[in-house]
Amino acid sequence: MKLIVLIMTVGCMLAAGCVATTIKTNDTPLSPPSDAGLNKTVNASANGTSALKGSLSVSIAGFSDPANLSVILDNETVGTVNPTTTLNLKVSEGNHTVMVCVDPVCVQENVTTRFGRYQNIDFSERLHKELANARPTVRIIGCYRNGNAISIDVEFINPSKKDLFMSVAVSCGYSYIDDRTSIRMGDSARGRVVQNVGAGQRITKGLDLHFANGNSISYSFPVIEELTIQ
């Protein structure tokens, strides 16, 4: 009788063990949850690590230019974005390069997408910084006293695709003690410099502004009063 009980007990244990080892697990990856805010799926997997996709949002909410800007993902244009519309993407897991372009300037960021993770990239601030020199402009890069005058270095910047004729008016305020009256007087010196600037070029040109005759001359940093581009 004891032997029968022992055999039944061992049999039950073996049976329980078999049940434990034959439980099946679901190895099929879960599908990403649907997201009504996403409007495009991108199978950009050149640098991806799996078929799973992460959520990526590209925006320029603080940018002042209302134009539609191209969005490039891993060297492929995937859509456009503007200050009022965000481009939402589902992108394969892995490392990717995202760029937003305003001809001829592009700003870039490297991102790593992960399944179940939401990422937002806003390019507004970088676009403002890059475009500060993306349009034709002129700036004063230095000045120094030169006898009874001030010598100014003016830089002309032309990032466009055509040659330009640029003209800039520069002024500098100063004060001096008059030789005859010994009274401190205030005045300003003005001048203009012109330059033909080829496409994509930066050219520095000098300008001398002369002061009135006097002693103890004190002057402020020169400023640009007017810029004409043709």
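Computed from the coordinates by the stated procedures, all read-outs in this text should not be read as laboratory data. Nothing here was measured: the structure is a model prediction, and the numbers come from that model. Heads up, the Cβs are rebuilt from the backbone with ideal geometry, glycines too, and the neighbour counts pull from every protein chain shown.
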Practice task
Give the Rg (one decimal place) followed by the Dmax (whole number) of region 129-174, computed from C-alpha coordinates and expressed in Å.
Solution key: 13.5, 40
Fill in the blank from the handout: Listed by chain and number, the residues whose amide H is under 5 Å from that of ASN146, excluding neighbours fewer than 5 places away on the same chain and using placed H, are SER151
Practice task
Would you mind estimating how fast region 127-225 diffuses translationally, via Stokes-Einstein at 20 °C and 1.002 mPa s with the Kirkwood radius over Cα pairs, in µm²/s?
Solution key: 144 µm²/s
Fill in the blank from the handout: Counted neighbours (other Cβ, 10 Å), sorted fewest up, put THR204, THR86 in the order THR204, THR86
Handout entry: 3J(HN,Hα) from dihedral phi, region 150-166, Karplus parametrisation 6.51/-1.76/1.60, rounded to Hz, x for glycine, proline
Key = 10, 9, 10, 9, 10, 9, 9, 10, 10, x, 6, 9, 9, 6, 10, 9, 10
Practice task
List the residues whose amide H sits under 5 Å from the amide H of PHE211, counting only those 5 or more places along or on another chain, with H placed 1.01 Å from N in the peptide plane.
Solution key: ALA149, ILE150
Completion exercise
The answer for VAL71, listing residues at least 5 apart or on another chain whose modeled amide H is closer than 5 Å to its amide H, is VAL78, GLY79, THR80, VAL81
Fill in the blank from the handout: Karplus ³J(HN,Hα) for region 120-125 (6.51 cos²θ - 1.76 cosθ + 1.60, θ = phi - 60°; Hz, whole; x = Gly/Pro) runs 10, 10, 10, 9, 4, 5
Exercise for the section: Determine ³J(HN,Hα), in whole Hz, for all residues of region 175-185 in sequence, where each value follows from phi through the Karplus function 6.51 cos²θ - 1.76 cosθ + 1.60 and θ = phi - 60°; x replaces Gly and Pro. Expected result: 9, 7, 9, 5, 5, 7, 9, 6, 9, 6, 10
Fill in the blank from the handout: Going from the fewest other Cβ atoms within 10 Å to the most, one would list THR84, THR137, THR113 as THR84, THR137, THR113
Problem - For SER216, SER175, order by how many other beta-carbon atoms lie within 10 Å, fewest first - result: SER216, SER175
